[in-house]
Amino acid sequence: PLCEFMSVIKSGAKLTAPLGCLVSRQKHTLPDLPYDYGALEPHINAEIMQLHHSKHHATYVNNLNVTEEKYKEALAKGDVTAQVSLQPALKFNGGGHINHTIFWTNLSPNGGGEPKGELMEAIKRDFGSFANFKEKLTAVSVGVQGSGWGWLGYNKEQGRLQIAACANQDPLQGTTGLIPLLGIDVWEHAYYLQYKNVRPDYLKAIWNVINWENVSSRYSTSKK
């Protein structure tokens, strides 16, 4: 059976795997994109997508595997100091892998427009209108200092949608408890080649490729 840490990518549940799991774990792999690198043009160009996926995301995956190997060795030796020292790398690379795995599916060449059904009803209930929601998530994403992410998440305890920002590659659920539905990457590598330092232009464009079917599906699953 796959380890709990592997299921993090779908659930975002925990970043720390049970001890027995790391002994016989499977290596993480770079997921394929569900579309071509140039499919999101003109909103996100092919060069950005290729570098972002095949270089940046691939690096997180490789470093996560290396870190887990070191963590496994530290566990075997009972070296708690080494385990603790590896936690930042586990969080950063594990978070990078989790976040980007969600991000690619949140985008689609057939995206844009507005969501339908129960997700739209929840957005209206929790934000007043879709326009209000869009404005708030954009503002939170623009306002991230340095590198990070803007998120729409589901608060399972309160049964409502929430907007949050995460620094660097901090995974939403592992750091806030919110279940990730829609993530907007505002690291410069996500937009700089095309939009330079004008992050608001990138954020305006990305709404044209948001895959609302994927976000709606995540919302339905999160409520179960």
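Can you find a residue in the range 167-181 that is of a type in the set (D, E, K, R) and more than 17 Å from THR105 (Cα to Cα)? Yes: the range 167-181 contains one or more residues that are of a type in the set (D, E, K, R) and more than 17 Å from THR105 (Cα to Cα). Taken together, the criteria place LYS124 among residues that are exposed (fewer than 14 other Cβ atoms within 10 Å of the Cβ) and at pLDDT 95 or above.
Of the residues GLN173, GLN169, the single one that is among the polar types (S, T, N, Q) and open to solvent by less than 20 Å² (accessible area, probe 1.4 Å) is GLN169. In the range 145-152 there is no residue that is open to solvent by less than 50 Å² (accessible area, probe 1.4 Å), more than 14 Å from SER222 (Cβ to Cβ), in contact with a strand residue (DSSP E or B) (Cβ under 7 Å, 6 or more places away or on another chain) and in contact (Cβ under 8 Å) with a residue 60 or more places away in the chain. Counting the residues of the range 183-224 that are of a type outside the set (Gly, Ala, Ser) and over 17 Å from LEU137 (Cβ atoms) gives 13.
Can you tell me which residue within the range 204-224, out of those that are over 17 Å from SER108 (Cβ atoms) and modelled with pLDDT of 95 or more, is least open to solvent (accessible area, probe 1.4 Å)?
Taking the range 204-224 as the starting set, the residues that turn out to be over 17 Å from SER108 (Cβ atoms) are 204, 220-224.
So of that shortlist, the ones also modelled with pLDDT of 95 or more come out as 204, 220-222.
Numbers: LYS204: 157, SER220: 42, THR221: 83, SER222: 7 Å².
The qualifying residue least open to solvent (accessible area, probe 1.4 Å) is SER222.
Kindly establish whether PHE133 is touching a Lys or Arg at 6+ places or on another chain (Cβ under 7 Å) and more than 24 Å from GLU47 (Cβ to Cβ). The answer is no for PHE133.
Working only within the range 71-85, note down all residues that are part of a helix (DSSP H, G or I) and surrounded by fewer than 20 Cβ atoms within 10 Å (Cβ to Cβ). Before the answer, list the steps.
Step one: of the range 71-85, the residues part of a helix (DSSP H, G or I) are 71-77, 80-85.
Selection gives LYS72, GLU73, ALA74, LEU75, ALA76, LYS77, VAL80, THR81, ALA82, GLN83, VAL84, SER85.
The one condition from (1) exposed (fewer than 15 other Cβ atoms within 10 Å of the Cβ); (2) touching a residue at least 60 places away in the same chain (Cβ under 8 Å) that ASP32 does not meet is (2).
The values are calculated or read from the model by the stated rules, or taken from the named source; none is laboratory data. Quick caveat, the model's predicted, so the values are computed rather than measured. Note: ideal-geometry Cβ built from the backbone for every residue, glycine included; neighbour counts use all protein chains shown. Ligands, DNA and RNA are excluded from the accessible area calculation, which covers all protein heavy atoms including side chains. Shrake-Rupley method; radii C 1.70, N 1.55, O 1.52, S 1.80 Å.
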